[in-house]
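*Asks:* Shown below is the structure under consideration.
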Amino acid sequence: MLLDVLRNFSWYNEPANVRFIEEGMLIETKQNTDFWQNKAHNLHKDDGHFFYVQKHGDFNLTIKWHLYAPVSSDQCGIMVRIDNFNWAKIGFLSTNLRDPQIGSVVTKAGDSDWACVDLSEIPSVISFRIIRRGSSFAAFYSLDEKTFKQIRLFSFSLIPAEIKIGAYACSPQAHNFECVLEEVSLS
């Protein structure tokens, strides 16, 4: 049961509204929220919503989302976080309603990069997986809950004993976004 799995999770930047419905935990983001950093432009956006648990050592984390009518820049996905300046997020991004993407951002020492994979249409359900082995991470996505495609490999050089891992959602534009966290699996 989803509620049992989420018992030890906490919020970093709680969203506008959270409630449980039949499909899972419905999250309504606050507008103008994001996780993105750029030293050259003195930009430090760290106000997206992150629902996490502390994890020590290696893990496999899989998160399944159900999307409700995303609009420009809305995001939901999976995140690993060492601190405010070192983290990674992999998620669905609706750059506009014609060009949905899976985006991955790795932020090291306060600078974010960006890589993406185009999707042919906006999925109603999408799953993400991050696997950690030592200081290395592999990120995957699935549109059918069976076949996971690798989107990114990354690493962090200095990792504390415990890191934060979990689900994230945000709305960088001036509107809210609803998405449902349907499943969380951690091993």
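Throughout, read-outs are computed from the coordinates displayed, never taken from laboratory work. Note that this is a predicted model, so its numbers are computed, not measured. Heads up, the Cβs are rebuilt from the backbone with ideal geometry, glycines too, and the neighbour counts pull from every protein chain shown.
*Asks:* By count of other Cβ within 10 Å, fewest leading, how are 111, 118 ordered?
*Replies:* Values: 111 12, 118 9.
Least crowded to most crowded, the residues run 118, 111.
*Asks:* Could you list 145, 178 in order of exposure, starting from the residue whose Cβ has the fewest other Cβ atoms within 10 Å?
*Replies:* In order of increasing Cβ crowding within 10 Å: 145, 178.
*Asks:* How many nm is it between the label spots at residue 32 and residue 185, if each spot is 7 Å from the Cα in line with the beta carbon?
*Replies:* It is 4.0 nm.
*Asks:* Once phi is turned into ³J(HN,Hα) by the Karplus curve 6.51 cos²θ - 1.76 cosθ + 1.60 with θ = phi - 60°, what whole-Hz value does each residue of the stretch 168-183 show in order, with x for glycine and proline?
*Replies:* Couplings: 10, 8, 6, 9, x, 9, 7, 7, 8, 9, 10, 8, 10, 7, 8, 8 Hz.
*Asks:* Taking the number of other C-beta atoms within 10 Å as the exposure measure, put 36, 65, 11 in order starting with the fewest.
*Replies:* Taking fewest neighbouring Cβ atoms as first place, the list is 11, 36, 65.
*Asks:* Which Cys in the chain stand alone, with every other cysteine's Cβ at 4.7 Å or more from theirs?
*Replies:* 116, 170
*Asks:* What is the extension gain from residue 122 to residue 43, computed as 0.36 nm multiplied by their sequence separation minus the C-alpha to C-alpha distance, in nm to one decimal?
*Replies:* 25.5 nm
*Asks:* Measure out, as a whole number of angstrom, how far apart the alpha-carbon centroids of the stretch 68-121 and the stretch 143-187 sit.
*Replies:* The distance from the Cα centre of the stretch 68-121 to that of the stretch 143-187 comes to 9 Å.
*Asks:* Please work out how many pairs of lysine residues in the chain are eight or more positions apart (or on different chains) and have Cα atoms closer than 16 angstrom.
*Replies:* Taking the Cα cut-off of 16 Å, the pair count is 12.
*Asks:* Pull up all non-local amide H partners of residue 119: gap of 5 or more, or a different chain, and H-to-H distance under 5 Å with H placed in the peptide plane.
*Replies:* Amide H neighbours of residue 119: 101, 102.
*Asks:* Pick from 110, 134, 91: which residue has the top mean-square fluctuation in a GNM of the chain where Cα pairs under 10 Å get a spring?
*Replies:* Of 110, 134, 91, the most mobile in the Gaussian network model is 134.
*Asks:* Right, something else. Which residue, 151, 165, 126, tops the fluctuation ranking in a GNM of the chain built on C-alpha contacts under 10 Å?
*Replies:* Of 151, 165, 126, the most mobile in the Gaussian network model is 151.
*Asks:* Stretched out fully, how many nm does the piece from residue 5 to residue 155 gain, at 0.36 nm a residue minus the Cα gap? Before the final figure, lay out each step's value.
*Replies:* On the way: separation 150, 0.36 × 150 = 54.00 nm, distance 2.67 nm.
Full-extension gain reported as 51.3 nm.
*Asks:* Which three extents, in whole angstrom, do the alpha-carbon atoms of the chain cover along their principal axes, largest first?
*Replies:* Taking max minus min along each principal axis of the Cα atoms, the chain gives 41, 38, 30 Å.
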